[in-house]
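The values are calculated or read from the model by the stated rules, or taken from the named source; none is laboratory data. Note that this is a predicted model, so its numbers are computed, not measured. A quick note on method: Cβ atoms are made from the backbone with ideal geometry, for glycine too, and the neighbour counts reach across all protein chains shown.
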Amino acid sequence: MSDVRVIEVKESVFADNDRKADELREELRERGTFLLNLMSSPGSGKTTTLSRTIAALKDEMSIAVMEADIDSDVDTRTILGTGARAIQLHTGGMCHLDAYMTEQGLNELFCDEDGAGRTDLAILENVGNLVCPAEFDTGASANAMILSVPEGDDKPLKYPLMFSVCDVVLVNKIDALPVFDTFSMERVRENILMRNPNATIIPMSAKTGEGIDVWADWLRARVAAWKQA
Ligand SMILES: Nc1nc2c(ncn2[C@@H]2O[C@H](COP(=O)(O)OP(=O)(O)OP(=O)(O)O)[C@@H](O)[C@H]2O)c(=O)[nH]1
Ligand SMILES: [Mg+2]
């Protein structure tokens, strides 16, 4: 066995991606574009939340969205319906985006800027998955994730990395709490804060709009602080 060379490919892939992500963050700063990476499991409400977010913020800032999916363009069509710019990224079967893929998407968005002016806020809707997207730094200025009530309050215990890399956790579908009555808001808070004591936790419903103002305030303040830094 001693003459067998073992190469830690995974580690070098991550190290290379981290370098690229830092480069991308620098470029985005020079352009004045705040990049939000939005993650969650499939169906927790990313696209519905983005539609509400765009409605809340579009008069204050120029917003563009990258929809990442393995296939289809349904989410991009939904976002285009809000009036925001949007492009679809197909990952070729990959369950996450890395910094290189994000850069390709941003380059496409920036090509469209002439007519639309500068992009203040670019949002990446990552592929629905609680594992792989958390492992790859996309170059984002902030990471957000959505945990929806039907998924259960134990998810921070089972998927620790996702919760530890996110600045903010949106607890979505609170309108469904009467049906999913084993979900405890107190327990989910404890579980999230155990993984990430600095996480901001915002209960909301993308369906009814409850809590969207709190989320929009958080994002507005975060973009403003980033621009002033
Ligand atoms: N009851 C309820 N349903 C919601 C809420 N938010 C989203 N939904 C529904 O949940 C389903 C999935 O919502 P999407 O916004 O497509 O979820 P997503 O995370 O973008 O899904 P993928 O992109 O496929 O991963 C849709 O039927 C939405 O109407 C909510 O707050 N409450
Ligand atoms: Mg979606």
Picking from T182, T102, the residue that is surrounded by fewer than 20 Cβ atoms within 10 Å (Cβ to Cβ), β-branched (V, I, T) and either in contact (Cβ under 8 Å) with a residue 60 or more places away in the chain or more than 16 Å from ligand 1 (Cβ to nearest atom) (or both) would be T182
L177 passes all but one of the listed conditions (1) away from ligand 2 (no atom under 16 Å from the Cβ); (2) surrounded by 14 or more Cβ atoms within 10 Å (Cβ to Cβ); (3) under 17 Å from the mean Cα position of the chain (by Cα); the exception is number (3)
The number of residues in the range 15-64 that are away from ligand 2 (no atom under 16 Å from the Cβ), among the hydroxyl-bearing types (S, T, Y) and in a helix (DSSP H, G or I) is 0
Counting only residues in the range 124-144 that are within 13 Å of ligand 2 (Cβ to nearest atom) and of a type in the set (A, V, I, L, M), the one surrounded by the most Cβ atoms within 10 Å (Cβ to Cβ) is identified as L124
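Checking the conditions here, which among I7, I79, I70, I63 is under 19 Å from the mean Cα position of the chain (by Cα) and at pLDDT below 95?
Numbers: I7 fails: under 19 Å from the mean Cα position of the chain (by Cα); I79 fails: at pLDDT below 95; I63 fails: at pLDDT below 95.
Exactly one of I7, I79, I70, I63 is under 19 Å from the mean Cα position of the chain (by Cα) and at pLDDT below 95, namely I70.
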Output for Cβ contacts, cut-off 6 Å, separation at least six or different chains, first residue acidic (D, E) in the range 133-149, second more than 16 Å from ligand 2 (Cβ to nearest atom), reads D137/D18; D137/A21
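Looking at the range 27-38, is at least one residue farther than 20 Å from T138 by Cβ and modelled with pLDDT of 95 or more?
Keep residues of the range 27-38 that are farther than 20 Å from T138 by Cβ, which gives none.
The answer is no; no qualifying residue exists.
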Wholly inside the range 112-229, strands (runs of 3 or more DSSP E) that include 3 or more residues that are of a type outside the set (G, A, S) and in contact with a Ser or Thr (Cβ under 9 Å, 6 or more places away or on another chain) are 121-125, 142-148, 168-172
Per the filter on the range 152-174, residues polar (S, T, N, Q) and either within 16 Å of ligand 2 (Cβ to nearest atom) or surrounded by fewer than 15 Cβ atoms within 10 Å (Cβ to Cβ) (or both) are N172
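Within the bounds of the range 55-65, is there any residue that is crowded, with 21+ Cβ neighbours inside 10 Å and away from ligand 1 (no atom under 16 Å from the Cβ)?
Scanning the range 55-65, I find at least one residue that is crowded, with 21+ Cβ neighbours inside 10 Å and away from ligand 1 (no atom under 16 Å from the Cβ), so the answer is yes.
Mind checking which residues of the range 89-104 are part of a helix (DSSP H, G or I) and of a type outside the set (D, E, K, R)? Write out each step before concluding.
Start the filter on the range 89-104 by keeping residues that are part of a helix (DSSP H, G or I), which leaves 99-104.
Listed by number, the residues that qualify are A99, Y100, M101, T102, Q104.
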